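Asks: A single structure is presented below for examination.
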Amino acid sequence: MDIAALRSAHPDHWKKAAAIRALTLDAVHAANSGHSGMPMGMADVATVLFEKHLKFHAASPDWPDRDRFILSAGHGSMLLYSLLHLTGYADMTLDQIRNFRQWGAITAGHPEYGHAKGIETTTGPLGQGISNAVGFAMAEEMLRARFGRKLVDHYTYVIAGDGCLMEGVSHEAIGLAGRHALSKLIVFWDNNNITIDGTVDLADRTDQVKRFRASGWQVLEIDGHDPEAIDAAITTAKSSRKPTMIACKTHIALGHAAQDTSKGHGALTDAGQLAAAKEAYGWPYGPFEIPADVKSAWEAIGARGTAEHDAWTARLGEASQSRQNEFARIFAGEAPKALSARIKALKKQISEEKPSVATRKSSEMVLEVVNPIMPETVGGSADLSGSNNTRSGDMSVFDVDNRKGRYVHWGIREHGMAAAMNGMALHGGIRPYGGTFMCFTDYARPAMRLAALMKVPSVFVMTHDSIGLGEDGPTHQPVEHLAISRATPNTWVFRPCDTVETAEAWELALRSTQTPSVLSLTRQNVPTLRTEHKTANLTARGAYVLADATGKRQALLMATGSEVAIAMQARDLLEAEGIGTRVVSMPCWELFEEQDEAYRKRVLPGGPVRVAVEAAIRFGWDRWLYGERGKREKSGFIGMHDFGASAPAEVLYEKFGITAQAVADKVKSLL
Ligand SMILES: Cc1ncc(C[n+]2csc(CCOP(=O)(O)OP(=O)(O)O)c2C)c(N)n1
């Protein structure tokens with residue numbers, strides 16, 4: 001690569017891009033870790049994008065109508081941090097860059113949502129960013145349809161590397177974007193032919209250009225170091241009716257001794273080579289030093305959006321007060337005032353009618369009353385709409401000719417669905433929920449984990465939550481998935497026992513602003529157990545006494561979901577024999593853990609024998625059996641110990657010994 005020719009062809013551009021390269025080299029050198037090559041290779045593309053196209057305003061990072069820039073190749077985090085610092089984002093100070101990857105710095109190893117303004121999503125797990133971006137672009141389409149171009153009209157730009165495109169989830173994302181003609185989604189592929197182990201052909205010979213075209217994208221191919229070609233390609237991309245992938249031929253670690261090698265991917269810390277690279281760049285400045293003319297040129301770019309931002313603010317101010325309020329409400333993630341009354345009314349009706357329905361059906365009943373008053377909800381399913389009961393009657397299907405549609409047919413793409421849902425939530429103005437079978441949380445899990453890490457309130461509707469699904473067999477019967485979900489920090493796992501608890505769980509999920517929810521719902525019918533109407537949301541306390549012992553309390557049964565009914569039957573058996581038995585329903589462990597000691601003690605007092613019932617593996621239950629004043633020798637578990645089997649549900653419960661009689665017998669053996 002002839003660096004001198006690049007420098008002399010576009011000297012002004014070169015200096016700005018060199019600032020990114022130099023900051024990257026210095027920060028990685030100081031941290032003695034990080035990834036130098038990707039920012040050095042993509043600095044030209046990023047410079048042209050920010051200088052000529054990206055609609056943003058560094059002083060107003062939360063501007064709802066800004067273009068979104070997503071660094072899917074999150075290991076190249078110094079590219080993003082450099083851009084934010086150079087363009088003048090207030091929080092991205094030079095000290096933060098100096099402290100790259102250090103304790104307490106906002107410049108984490110990989111970009112983390114919430115650490116710094118301008119980081120739109122957490123990336124690093126490859127493939128996530130490009131998949132989030134599909135949700136961002138869908139959210140833009142939906143909100144533009146709802147509020148009009150004057151308030152919503154922006155692009156979503158992504159930088160993705162070979163790694164992102166090799167990850168399976170990218171295929172789901174690309175397919176979705178093509179199918180839905182997300183024309184305002186523009187992906188730059190950092191086509192440098194290098195990954196960690198060597199050149200790409202070690203592991204892949206996919207023709208990415210044909211792959212994207214086959215999925216319904218426009219593809220442009222350019223030299224990723226030619227600013228004019230980059231500019232022209234972005235201009236072409238912006239007017240396309242399809243999503244665009246711009247294949248940018250680049251050199252990883254441009255200008256460094258490690259250029260075009262897999263060594264260039266990682267931390268380039270050799271002082272002599274660093275100095276030589278800076279020399280090649282014509283960059284005679286000290287570490288972290290940006291000459292004033294270059295910094296002010298970048299700051300002018302950061303202020304380029306001032307007029308557009310002010311015009312947008314004025315347009316918002318011209319909208320009716322109620323429209324302004326609604327816009328602010330949905331972007332703040334606030335539930336409408338009417339939500340509480342709707343939930344209470346449904347709970348009252350259910351406690352009187354006492355239907356025996358599957359909780360997946362209960363969930364649909366809730367959505368029927370909630371979706372009409374929450375236009376920000378977007379539902380969907382990974383090709384299991386009729387099983388997940390996720391579509392309410394008022395929801396039309398999102399499509400190219402119906403951007404107002406609030407229901408998404410995600411296809412058989414659990415991972416892509418979950419990642420795109422996160423993107424919608426991160427975009428703002430949308431509250432996404434999506435369904436699949438509980439056992440396929442495995443397929444969605446990387447994105448579910450990131451929802452928790454990023455603190456976004458996506459709602460994962462997971463039906464068919466145990467052996468109770470019956471004949472589909474052990475491939476479809478989750479046994480370990482509740483434990484995995486509960487092991488994930490900042491995740492509410494709701495396993496409601498009836499329609500009333502399902503309504504309460506949904507209310508909590510829809511009010512959440514920081515925590516994703518997993519709704520674990522049955523395929524099989526369960527009776528209404530909350531037959532006495534209470535306006536208070538008992539699920540909000542995580543666990544509560546559903547039925548207390550008459551007389552002396554000798555046994556305490558804990559259960560969730562469909563097994564609460566079994567615990568109630570066991571209580572009948574035990575009480576008939578004069579054994580006072582309390583049943584505690586535990587729809588959400590995480591919320592129970594948050595209660596104060598006095599409440600937890602009231603619900604789980606020491607003394608009685610404790611038996612937990614859940615049609616899943618025991619993992620996690622010991623906390624409630626032995627902890628919280630419990631005793632090992634006075635506790636037992638009725639549930640699954642292995643995978644399930646294929647048979648009707650009632651037979652499975654019988655054969656696996658999850659019955660009222662088994663619970664009663666266990667209690668008696670411990671008394
Ligand atoms: C899901 C996932 N798997 C593995 C990694 C570890 N990893 C980080 S970068 C990388 C190679 C990526 O190659 P490419 O996208 O071509 O980046 P470049 O070498 O161009 O910087 C790998 C395997 C990761 N971050 N995420």
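Asks: Pull up region 508-525, narrow it to residues that are more than 12 Å from Ala452 (Cα to Cα) and in contact with a Gly (Cβ under 7 Å, 6 or more places away or on another chain), then point me to the one that is surrounded by the fewest Cβ atoms within 10 Å (Cβ to Cβ).
Replies: Gln524
Asks: Still on this model: Being in a loop (DSSP other than H, G, I, E, B) and open to solvent by 10 Å² or more (accessible area, probe 1.4 Å) is the filter; apply it to region 152-169 and report the residue that is farthest from the ligand (Cβ to nearest atom).
Replies: Result: Asp153.
Asks: Sort out for me the helices (runs of 4 or more DSSP H) sitting completely within region 532-629 that have 3 or more residues that are open to solvent by 30 Å² or more (accessible area, probe 1.4 Å) and farther than 26 Å from Phe656 by Cα.
Replies: Values: elements: 563-576, 589-593, 597-603, 622-625.
It comes to 597-603.
Asks: Within region 248-259, is there a residue that is in contact with a Cys (Cβ under 9 Å, 6 or more places away or on another chain), touching a residue at least 24 places away in the same chain (Cβ under 8 Å) and either away from the ligand (no atom under 16 Å from the Cβ) or over 26 Å from Phe56 (Cβ atoms) (or both)?
Replies: no
Asks: Just one of Arg7, Arg21, Arg68 is open to solvent by less than 10 Å² (accessible area, probe 1.4 Å) and either within 16 Å of the ligand (Cβ to nearest atom) or more than 28 Å from the chain's Cα centre (by Cα) (or both); which is it?
Replies: Exactly one residue qualifies, and that residue is Arg21.
Asks: Continuing with the same structure: What about Arg144, is it closer than 25 Å to Asp310 by Cα, open to solvent by 10 Å² or more (accessible area, probe 1.4 Å) and away from the ligand (no atom under 16 Å from the Cβ)?
Replies: Here the answer is yes, as Arg144 does meet what is asked.
Asks: Can you name every residue in region 450-489 that is under 27 Å from Asn371 (Cβ atoms) and of a type in the set (D, E, K, R)?
Replies: Once the filter is applied, which keeps residues that are under 27 Å from Asn371 (Cβ atoms) and of a type in the set (D, E, K, R), region 450-489 yields Lys455, Asp465.
Asks: For region 174-291, give me every one of the helices (runs of 4 or more DSSP H) that falls completely inside it and has 1 or more residues that are modelled with pLDDT of 95 or more and within 24 Å of Ala5 (Cα to Cα).
Replies: In region 174-291, 227-238, 271-281 are the helices (runs of 4 or more DSSP H) which contain 1 or more residues that are modelled with pLDDT of 95 or more and within 24 Å of Ala5 (Cα to Cα).
Asks: Is region 470-477 home to any residue that is farther than 22 Å from Glu650 by Cβ and either among the charged types (D, E, K, R) or more than 23 Å from the chain's Cα centre (by Cα) (or both)?
Replies: No, region 470-477 contains no residue that is farther than 22 Å from Glu650 by Cβ and either among the charged types (D, E, K, R) or more than 23 Å from the chain's Cα centre (by Cα) (or both).
Asks: Go over the candidates Asn389, Asn371 one by one and state the one that is over 24 Å from Thr560 (Cβ atoms) and polar (S, T, N, Q).
Replies: Asn371
Asks: If you don't mind, another one. Scan His75, His29 and give me the residue that is in a helix (DSSP H, G or I), more than 19 Å from Tyr157 (Cα to Cα), open to solvent by 10 Å² or more (accessible area, probe 1.4 Å) and in contact (Cβ under 8 Å) with a residue 12 or more places away in the chain.
Replies: Going through His75, His29 in turn, just one is in a helix (DSSP H, G or I), more than 19 Å from Tyr157 (Cα to Cα), open to solvent by 10 Å² or more (accessible area, probe 1.4 Å) and in contact (Cβ under 8 Å) with a residue 12 or more places away in the chain: His29.
Asks: Also, quick follow-up: Regarding Thr560, is this residue within 36 Å of the chain's Cα centre (by Cα), more than 24 Å from Lys634 (Cβ to Cβ) and of a type outside the set (Phe, Trp, Tyr)?
Replies: No, not satisfied.
Asks: Being modelled with pLDDT of 95 or more, hydrophobic (A, V, I, L, M, F, W, C) and under 19 Å from Ala559 (Cα atoms), is that true of even one residue in region 449-460?
Replies: Within region 449-460, none of the residues are modelled with pLDDT of 95 or more, hydrophobic (A, V, I, L, M, F, W, C) and under 19 Å from Ala559 (Cα atoms).
Asks: In region 32-54, what residues are near the ligand (Cβ under 10 Å from one of its atoms) and open to solvent by less than 10 Å² (accessible area, probe 1.4 Å)? Spell out how you get there, then give the answer.
Replies: Let us first name the residues in region 32-54 that are near the ligand (Cβ under 10 Å from one of its atoms), namely 35-42.
Once the filter is applied, which keeps residues that are near the ligand (Cβ under 10 Å from one of its atoms) and open to solvent by less than 10 Å² (accessible area, probe 1.4 Å), region 32-54 yields Ser36, Gly37, Met38, Pro39, Met40, Gly41, Met42.
Asks: Give me the pairs, please: first residue somewhere in region 522-549 and over 16 Å from Pro587 (Cα atoms), second residue anywhere and open to solvent by less than 20 Å² (accessible area, probe 1.4 Å) and among the polar types (S, T, N, Q), beta-carbon distance under 6 Å, and either six or more positions apart or on two chains.
Replies: Close Cβ pairs (under 6 Å, with a partner that is open to solvent by less than 20 Å² (accessible area, probe 1.4 Å) and among the polar types (S, T, N, Q)) amount to Thr531/Ser351; His533/Ser351; Ala549/Thr581.
Asks: Another question about this same structure. Residue check: is Ala59 open to solvent by 10 Å² or more (accessible area, probe 1.4 Å) and in contact with a Lys or Arg (Cβ under 6 Å, 6 or more places away or on another chain)?
Replies: no
Asks: What's the total number of residues in region 397-435 that are over 18 Å from Asn132 (Cβ atoms) and in contact with a helix residue (DSSP H, G or I) (Cβ under 6 Å, 6 or more places away or on another chain)?
Replies: Of the residues in region 397-435, 3 are over 18 Å from Asn132 (Cβ atoms) and in contact with a helix residue (DSSP H, G or I) (Cβ under 6 Å, 6 or more places away or on another chain).
Asks: Check whether at least one residue in region 651-663 is among the basic types (Lys, Arg), open to solvent by 30 Å² or more (accessible area, probe 1.4 Å) and either more than 15 Å from Ile467 (Cα to Cα) or at pLDDT below 95 (or both), and report yes or no.
Replies: Looking through region 651-663, none of the residues is among the basic types (Lys, Arg), open to solvent by 30 Å² or more (accessible area, probe 1.4 Å) and either more than 15 Å from Ile467 (Cα to Cα) or at pLDDT below 95 (or both).
Asks: I'd like the residue in region 110-141 that is assigned to a helix (DSSP H, G or I) and within 16 Å of the ligand (Cβ to nearest atom) and, out of all such residues, is nearest to Phe56 (Cα to Cα).
Replies: In the first step, residues of region 110-141 are kept if they are assigned to a helix (DSSP H, G or I); the result is 128-141.
Cutting the leftovers down to within 16 Å of the ligand (Cβ to nearest atom) gives us 128-133.
Values: Gln128: 23, Gly129: 19, Ile130: 20, Ser131: 22, Asn132: 19, Ala133: 17 Å.
Among those that are assigned to a helix (DSSP H, G or I) and within 16 Å of the ligand (Cβ to nearest atom), it is Ala133.
Asks: Residues being buried (at least 19 other Cβ atoms within 10 Å of the Cβ) and over 33 Å from the mean Cα position of the chain (by Cα): count how many of those fall in region 638-648. Spell out the reasoning first.
Replies: Going through region 638-648, the residues buried (at least 19 other Cβ atoms within 10 Å of the Cβ) turn out to be 638-640, 644.
When the remaining residues are screened for being over 33 Å from the mean Cα position of the chain (by Cα), the result is 638.
Count: 1.
Asks: Limited to region 487-507, what total is found for residues that are assigned to a helix (DSSP H, G or I) and surrounded by fewer than 21 Cβ atoms within 10 Å (Cβ to Cβ)?
Replies: We begin by selecting, within region 487-507, every residue assigned to a helix (DSSP H, G or I); these are 487, 499-507.
Keeping just the survivors that are surrounded by fewer than 21 Cβ atoms within 10 Å (Cβ to Cβ) gives 487.
The total comes to 1.
Asks: For region 170-197, enumerate the residues that are of a type outside the set (Asp, Glu), open to solvent by 10 Å² or more (accessible area, probe 1.4 Å) and within 15 Å of the ligand (Cβ to nearest atom).
Replies: Scanning region 170-197 gives His171, Trp189, Asn191, Asn192, Asn193, Ile194, Thr195, Ile196.
The values are calculated or read from the model by the stated rules, or taken from the named source; none is laboratory data. The structure presented is a predicted model; accordingly, all values stated were derived computationally and were not measured. We place every Cβ from the backbone using ideal geometry, glycine too, and count neighbours over all the protein chains shown. For accessibility, only protein heavy atoms count, side chains too; no ligands or nucleic acids. Shrake-Rupley method; radii C 1.70, N 1.55, O 1.52, S 1.80 Å.
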